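Here's the structure we're looking at; comments come further down.
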Amino acid sequence: MGILRTLPALVLLLLLLAAASCALAQAQPLRYKVRIEAPRELRGMLEGGLQLTRWESDPQMTEQLLARLVAEAEQEVREAVATRGYFSAKVTSTIERSAQPWTVVLRVEPGPATHVAGAEVNFSGPVTEDTAASSLLARIRREWKLKPGERFTQDAWNDAKANASRMLADWHYAAARVAHSRARVDPATGQAALEVDIASGPVFRYGPVQVRGTERYAERMVEEQSPAAPGGLYERETLRLYERRLLATGYFVSAQAGIEPELENAGSAPVRVSVIEAKSQQVEAGLSFNTDVGLRGEARYRNLNPFDTAWRLRSEVQLDRKIQRGRLDLDAPPEPGGRWRSHFVQARQTKIENVTDNEFSAGVAQNWGLGGELSALVVSGHLEEQRIGGQLSDHRHAIYFGYRTQLRNTDAWESPRRGYLVELSAGGSPSTLASRQFVRGTARGLLFIPVGRDDFLLRSEVGVVLADSREGIPSTFVFRTGGDQTVRGYAFESLGVQSGNAVVGGRRLAIGSVEYTHWVAENWGIAGFVDAGNAWDGGRFKPVVGFGAGPRFRTPIGPVRADLAYGVEPRKLRLHFSVGFAF
């Protein structure tokens, strides 16, 4: 009887324990992890982009919710891999419940990648009747980024459309846009037929310049540098020149110029210019190193607005074991159209190849082409004392009259890959104003040739001095070569005319170089090169050769180079560092 009396209590206790166990099980969230079995190129994208992976730590997770997320993940995977060009992917999923946490396995068989069968690029709007646009439209079609046979991906498709419309919008049609596009994909053949229509919109013309950001300088100084004449046809490159011109004045650390492509303003679109002024005074000091001259100490002072005149004063001192130099430059405020007058005074001593030159020079130049292809007319005076092996050689002087100019056609300003750069100079000094009458001419050129992702560079330099003798001509106007950006494998300015145990400048110069850079990553590459050239005074040209290789790193100011070069003549290896292009 006692047992019968306690039986209901035992049953009640068991029911309470079962209920508590169920409540405890419900209180603990379902835990799971996701494993994606897919090719490496897809795995990283999928692991970070699925809703299923984002819900892994959710405290409210249930088995029913997990099942729904897994089903949705299969569709997400199909859509995601399609953006990479896989339109026939097979996706399966399983949930392994044998261990805690559970494991959700997504298996992806992407199938064959889709490739471009062809691309049809069409245009609509006023541009179709613009005969001046025919060459640009042909170039847009020719340079369409997704070529037949290339892998089709959503990113590449978007980039190709944006690039094509931007090329047209950078010209007279600032409001150009993609009006219609379609990619017809056949999963069975793995081919994509592309169609895009670019609507040009109306021709845009420049309106008035509107300036923001000036404090010390009058807005007029910004407006006068504009190459965008009111009523002129819009071109983005013209505004890029405007930006470069403003930055080249030194007055500003930032300059942005543009128009708003609003259709109602197409006939007179305001040119909006925003500038940030530079500090009017700046002092810099530091140490640098290069393989031509070794350790160098430098100090600079700049004043961009002395006595509120907007003149630009720059002073500089450089000291290293080969060159000691002090220089003062004073530039007048720029005139309309990128013209300005400059003045300089310089004292310099060089100790190179057992030759010591002490030179004092001063001059004035009328310059034009600010921010673009620079040109100048120059008048300068030079006084020089030269010592060879510690013994006084002679005193030299000259009043020099010269002209220099640049020619440029490149695809980019700072780090070009296609096009050319040329610099020409000519000048001389008459016998009544010089210790030796002479006429001098130089030419330097760079030719950039892209080879797929790689780059091929041709460099050349020639110079000639017409005079009875090199004696009496200031060393600035004769030639020596060798070093980081001339003939690698040879010491700085070690190539020239042998005079005892010294090397002096000659009246002839010729240099040629070929260089090929293979880019192994976006900004890193390896280059191989051959340089040849010499400076001489007369007779037969006897070039010396240097060759080698070294890494490259792309930067906004041009490539950084570290070259190990072998000089054939001295049979030695030399290390060379340089940045940018010698121009």
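Of the strands (runs of 3 or more DSSP E) contained entirely in segment 370-471, those carrying at least 1 residues that are over 29 Å from Asp357 (Cα atoms), within 23 Å of the chain's Cα centre (by Cα) and in the same structural domain as Glu515 (by TED's automatic domain parsing) fall at 391-410, 419-429, 438-451, 454-466. Consider segment 308-351 and keep the residues that are among the hydroxyl-bearing types (Ser, Thr, Tyr) and assigned to a strand (DSSP E or B). The one that is farthest from the chain's Cα centre (by Cα) is Thr350.
The sole residue among Gly533, Gly483 that is on the phi > 0 side of the Ramachandran plot, modelled with pLDDT under 95, surrounded by 18 or more Cβ atoms within 10 Å (Cβ to Cβ) and of a type outside the set (Lys, Arg) is Gly483.
Filtering segment 445-484 to residues that are of a type in the set (Lys, Arg) and either within 15 Å of Gly506 (Cα to Cα) or in contact with a Phe, Trp or Tyr (Cβ under 7 Å, 6 or more places away or on another chain) (or both) leaves Arg453, Arg470, Arg480. Considering (1) over 28 Å from the mean Cα position of the chain (by Cα); (2) of a type in the set (A, V, I, L, M, F, W, C); (3) surrounded by 14 or more Cβ atoms within 10 Å (Cβ to Cβ), the lone condition that Ala228 does not fulfil carries the number (1).
Tallying residues that are touching a residue at least 40 places away in the same chain (Cβ under 8 Å) and surrounded by 19 or more Cβ atoms within 10 Å (Cβ to Cβ) within segment 447-463 yields 5. Restricting segment 144-172 to residues that are surrounded by fewer than 17 Cβ atoms within 10 Å (Cβ to Cβ), of a type in the set (Lys, Arg) and not in a loop (DSSP other than H, G, I, E, B) leaves a set whose member that is modelled with the highest pLDDT is Arg166. The criterion of at least 3 residues that are of a type outside the set (Phe, Trp, Tyr), without any contact (Cβ under 8 Å) to a residue 12 or more places away in the chain and assigned by TED's automatic domain parsing to the domain that holds Leu457 is met by none of the strands (runs of 3 or more DSSP E) falling completely within segment 474-555. Of all the listed residues (Asp292, Asp329), the sole one being buried (at least 18 other Cβ atoms within 10 Å of the Cβ) and either at pLDDT 95 or above or more than 21 Å from Gln225 (Cβ to Cβ) (or both) is Asp292.
The criterion of at least 3 residues that are within 30 Å of Ser315 (Cα to Cα) is met, among strands (runs of 3 or more DSSP E) falling completely within segment 173-287, by 252-258, 269-277.
Of the residues that sit in segment 515-530 and are surrounded by fewer than 16 Cβ atoms within 10 Å (Cβ to Cβ) and hydrophobic (A, V, I, L, M, F, W, C), which one is nearest to Leu447 (Cα to Cα)?
Ile526
On the given criteria, is Val504 surrounded by 17 or more Cβ atoms within 10 Å (Cβ to Cβ) and in contact with a helix residue (DSSP H, G or I) (Cβ under 8 Å, 6 or more places away or on another chain)? Judged against the criteria, Val504 is a match. Contact map, segment 96-120: first residue free of Cβ contacts under 8 Å to residues at least 24 places away in the same chain, second residue of a type in the set (D, E, K, R) and assigned to a strand (DSSP E or B), Cβ cut-off under 8 Å, separation 6 or more or different chains; pairs are Glu109/Lys90.
The values are calculated or read from the model by the stated rules, or taken from the named source; none is laboratory data. None of these values were measured; they are calculated from a predicted model. Note: ideal-geometry Cβ built from the backbone for every residue, glycine included; neighbour counts use all protein chains shown.
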